[in-house]
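J.: Structure below; questions to follow.
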Amino acid sequence: MRMRPSLTGKSPPALGRRPLSLLLRLLVTAAAVVTALIVLFVAGYIVINGARRLRPSLFALKYTSENVSMTPAIIGTLAMTALALALAAPLGIFSAVYLAEYARRGSRLVKTMRLAAETLAGIPSIVYGLFGALLFNRLWGYSLLAGAATLAIMLLPLIMRTAEEALLAVPDMYREGGFGLGAGRLRVVFAITLPAAAPGILAGIILAVGRAVGETAALIFTSGTSPELPRSIFSSVRTLSVHMYALWNEGLYGDEAYATAFVLLVITAALNALSGIVSGRFRGGGDG
Amino acid sequence: MGKIDIENLNLYYGEFHALRGVSLSAPERGITALIGPSGCGKSSLLKTVNRLNDLSEGCRVEGRVLLDGEDVYGGGMDIYTLRRRVGMVFQKPNPFPMSIYDNVAFGPRSHGVRARSVLDGIVEESLRRAVIWDEVKDRLAGSALRLSGGQQQRLCIARALAVRPETLLMDEPTSALDPISTAKIEELASELKKAYTIIIVTHNMQQAARVSDRTAFFLLGEVVELGDTSRIFTAPRDKRTEDYITGRFG
Ligand SMILES: Nc1ncnc2c1ncn2[C@@H]1O[C@H](COP(=O)(O)OP(=O)(O)O)[C@@H](O)[C@H]1O
Ligand SMILES: [Mg+2]
């Protein structure tokens, strides 16, 4: 392990003379190692048990009770996530713009909205499911649309808060520079602060995608569990996570559930990589 | 009458009385230096001239600030036009996180210039005036944040010039720069005063003496002494001015 230079500039005393610091160091190292091992164990377990149970028929375009294909669920996941984001992202980002750029800083309204968002973000998803079932299913039945609308409400506070944080992190000197040139607020926001906050906003959206992909309870209540390819936004549909739950629940398809878990793991890893690439590109970027 | 005339200005941040009865006149095509210890209200004064103070919470202004004889706080002055006419350069170079070209084009675009050929012309002219064209002409599409601090500050000056202002407010423009960049900015200011009215805030006595025609010494929100720079630095009338410029104070 590498030694950190001591803050005082003096050479660090021998560790033996500071038993407490040695102990602390052992403890934090142990914690890091244990965490890494747990993550590796879970991932390894899923890979080993899932990968070997993959077979081509699991990816057949059409679901039958013989092949239990997950293709409709993969497509359902994509459609569900995209639709939920299309509803939640613009609303969340524009609310954040309002809070960070237009409302008076520290006003009661801003504080109330922040508190509300934080509270909403902490509510168990099954409660959203019940709410969605009562509201959206009345309108559209078990459907992609009802599920996406419910998900959108769940994701809204998350997107709004992360976008607001990202906007507030943009230094005021950029705003002063823009206003100082005689630009209006709209232009300062759209040409300067929003682009500057884009990496943070995107990070929030990727988090939201992660939650959407992993969601089950709220969707079972609202979009149902149809294993078929959706015909329209009014069709019932299942996402991969719901698919996995359904397979396990039916008791007959343990192997297929493992295979699905593996695919979910791959998707999650890909999302993480994507977020890394996106934020890396923004950080290094700026060239026109 | 100067280009900018400030008459009996009082400025408050909430309860705090930041500027007290300030009267000051900045002559056209001249450089007026504002000196004084930190917190005496120099930046606040600059920000009243282009009304950037409107953005500050609880800020209130009494008195008059005249640009060509017209009160900038009067109803007749459009704030966007005012800020176009009165450019500002900040203490910390603050190029926007975008390309060099887009930085300079930001102002003109905000005021409705769209044609690429026109923008190209403005960008080149502004960068030339700020004496940075030769250093950046081959990388106009590159990020402004990759420039050195001194280059960033000259880019900010070019950005301010791009909206064809009549006056420039410079708030300690060299305090974050090395001596060579500082010399370049000072030279640039001396050149620009042929066309613009400049008010510069500085902590550096030599700088004020070198570049300015008039100097105002501030203390605790008040103008203690105002006069020709050569006179202020050779024969200050107020004991406090003398103490400050000889470094016995603040
Ligand atoms: N936005 C603001 N809100 C409240 N007080 C402020 C604000 N801006 C400046 N002040 C106060 O006004 C005084 C003058 O500040 P400033 O104009 O920045 O001085 P200088 O530029 O001479 O250092 C300081 O005491 C400062 O704390
Ligand atoms: Mg200042």
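The values are calculated or read from the model by the stated rules, or taken from the named source; none is laboratory data. Since the model is a prediction, treat every value here as computed from it, not as a measurement. Note: ideal-geometry Cβ built from the backbone for every residue, glycine included; neighbour counts use all protein chains shown. Heavy atoms of the whole protein, side chains included, go into the accessibility calculation; ligands, DNA and RNA do not. Shrake-Rupley method; radii C 1.70, N 1.55, O 1.52, S 1.80 Å.
J.: So if I check each of B:112, B:142, B:107, which one is surrounded by 16 or more Cβ atoms within 10 Å (Cβ to Cβ) and under 19 Å from residue A:188 (Cβ atoms)?
T.: Values: B:112 fails: surrounded by 16 or more Cβ atoms within 10 Å (Cβ to Cβ); B:142 fails: under 19 Å from residue A:188 (Cβ atoms).
Step by step, each of B:112, B:142, B:107 is checked, and only B:107 is surrounded by 16 or more Cβ atoms within 10 Å (Cβ to Cβ) and under 19 Å from residue A:188 (Cβ atoms).
Every residue, every condition in (1) aliphatic (A, V, I, L, M); (2) part of a helix (DSSP H, G or I); (3) open to solvent by 30 Å² or more (accessible area, probe 1.4 Å); (4) within 14 Å of chain B (Cβ to nearest Cβ), yes or no:
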position: A:177; (1), (2), (3), (4): no, yes, no, yes
position: A:188; (1), (2), (3), (4): yes, yes, no, yes
position: A:242; (1), (2), (3), (4): yes, yes, no, no
position: A:252; (1), (2), (3), (4): yes, no, yes, no
position: A:262; (1), (2), (3), (4): no, yes, yes, no
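J.: Moving on. Among (1) over 18 Å from residue B:160 (Cα atoms); (2) surrounded by 14 or more Cβ atoms within 10 Å (Cβ to Cβ); (3) within 13 Å of ligand 2 (Cβ to nearest atom); (4) modelled with pLDDT under 95, which single condition is residue B:71 missing?
T.: Checking residue B:71 against (1) over 18 Å from residue B:160 (Cα atoms); (2) surrounded by 14 or more Cβ atoms within 10 Å (Cβ to Cβ); (3) within 13 Å of ligand 2 (Cβ to nearest atom); (4) modelled with pLDDT under 95, the one that fails is (3).
For every residue, the table says whether it meets (1) surrounded by fewer than 19 Cβ atoms within 10 Å (Cβ to Cβ); (2) away from chain B (no Cβ under 14 Å); (3) touching a Cys at 6+ places or on another chain (Cβ under 6 Å); (4) assigned to a helix (DSSP H, G or I).
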| position | (1), (2), (3), (4) |
| --- | --- |
| A:113 | no, yes, no, yes |
| A:118 | yes, yes, no, yes |
| A:135 | yes, yes, no, yes |
| A:155 | no, yes, no, yes |
| A:182 | no, no, no, no |
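J.: The conditions are (1) free of Cβ contacts under 8 Å to residues at least 60 places away in the same chain; (2) assigned to a helix (DSSP H, G or I); (3) within 14 Å of another protein chain (Cβ to nearest Cβ); (4) not hydroxyl-bearing (Ser, Thr, Tyr), and residue A:167 fails exactly one of them. Which is it?
T.: With respect to (1) free of Cβ contacts under 8 Å to residues at least 60 places away in the same chain; (2) assigned to a helix (DSSP H, G or I); (3) within 14 Å of another protein chain (Cβ to nearest Cβ); (4) not hydroxyl-bearing (Ser, Thr, Tyr), residue A:167 is out only on (1).
J.: May I pose another question? Could you list, in sequence order, all residues of segment A:50-64 that are touching a residue at least 40 places away in the same chain (Cβ under 8 Å) and surrounded by 14 or more Cβ atoms within 10 Å (Cβ to Cβ)?
T.: Correct list: A:50, A:51, A:53, A:54, A:58, A:63.
J.: Quick check on residue B:88: is it open to solvent by less than 60 Å² (accessible area, probe 1.4 Å), at pLDDT below 95 and either within 14 Å of chain A (Cβ to nearest Cβ) or in a helix (DSSP H, G or I) (or both)? Step through it out loud before you land on a result.
T.: Numbers: open to solvent by less than 60 Å² (accessible area, probe 1.4 Å): yes; at pLDDT below 95: no; either within 14 Å of chain A (Cβ to nearest Cβ) or in a helix (DSSP H, G or I) (or both): yes.
Spelling it out, it is not the case that residue B:88 is open to solvent by less than 60 Å² (accessible area, probe 1.4 Å), at pLDDT below 95 and either within 14 Å of chain A (Cβ to nearest Cβ) or in a helix (DSSP H, G or I) (or both).
J.: Is one or more of the residues making up segment B:47-58 among the small types (Gly, Ala, Ser), open to solvent by 40 Å² or more (accessible area, probe 1.4 Å), closer than 27 Å to residue B:186 by Cβ and within 16 Å of ligand 1 (Cβ to nearest atom)?
T.: No.
J.: With respect to residue B:37, determine if the residue is more than 14 Å from chain A (Cβ to nearest Cβ), within 12 Å of ligand 2 (Cβ to nearest atom) and open to solvent by 10 Å² or more (accessible area, probe 1.4 Å). If you could, list the steps in order and put the result at the bottom.
T.: Numbers: more than 14 Å from chain A (Cβ to nearest Cβ): yes; within 12 Å of ligand 2 (Cβ to nearest atom): yes; open to solvent by 10 Å² or more (accessible area, probe 1.4 Å): yes.
For residue B:37, the condition - more than 14 Å from chain A (Cβ to nearest Cβ), within 12 Å of ligand 2 (Cβ to nearest atom) and open to solvent by 10 Å² or more (accessible area, probe 1.4 Å) - is met.
J.: Quick check on segment B:197-220. Is at least one of its residues within 30 Å of residue A:183 (Cα to Cα) and touching a Gly at 6+ places or on another chain (Cβ under 7 Å)?
T.: Among the residues of segment B:197-220, at least one is within 30 Å of residue A:183 (Cα to Cα) and touching a Gly at 6+ places or on another chain (Cβ under 7 Å), which makes the answer yes.
J.: Mind listing just one residue for me: the one in segment A:92-106 that is open to solvent by less than 20 Å² (accessible area, probe 1.4 Å) and over 22 Å from residue A:212 (Cα atoms) and, of those, modelled with the lowest pLDDT?
T.: Start the filter on segment A:92-106 by keeping residues that are open to solvent by less than 20 Å² (accessible area, probe 1.4 Å), which leaves A:92, A:96-97, A:99-101, A:103.
Cutting the leftovers down to over 22 Å from residue A:212 (Cα atoms) gives us A:97, A:99-101, A:103.
On the way: A:97: 96, A:99: 94, A:100: 94, A:101: 93, A:103: 90.
For segment A:92-106, the residue satisfying everything is A:103.
J.: Condition first: at pLDDT below 95 and within 30 Å of residue A:254 (Cα to Cα). Now tell me which residues in segment A:1-39 satisfy that.
T.: A:39
J.: Given the conditions (1) in contact with a strand residue (DSSP E or B) (Cβ under 6 Å, 6 or more places away or on another chain); (2) touching a residue at least 24 places away in the same chain (Cβ under 8 Å), which single one is not true for residue B:180?
T.: (1)
J.: Quick test of your reading of the structure: residue B:228 fulfils all but one of (1) away from ligand 1 (no atom under 16 Å from the Cβ); (2) in contact (Cβ under 8 Å) with a residue 40 or more places away in the chain; (3) surrounded by fewer than 18 Cβ atoms within 10 Å (Cβ to Cβ). Name the failing condition by number.
T.: (2)
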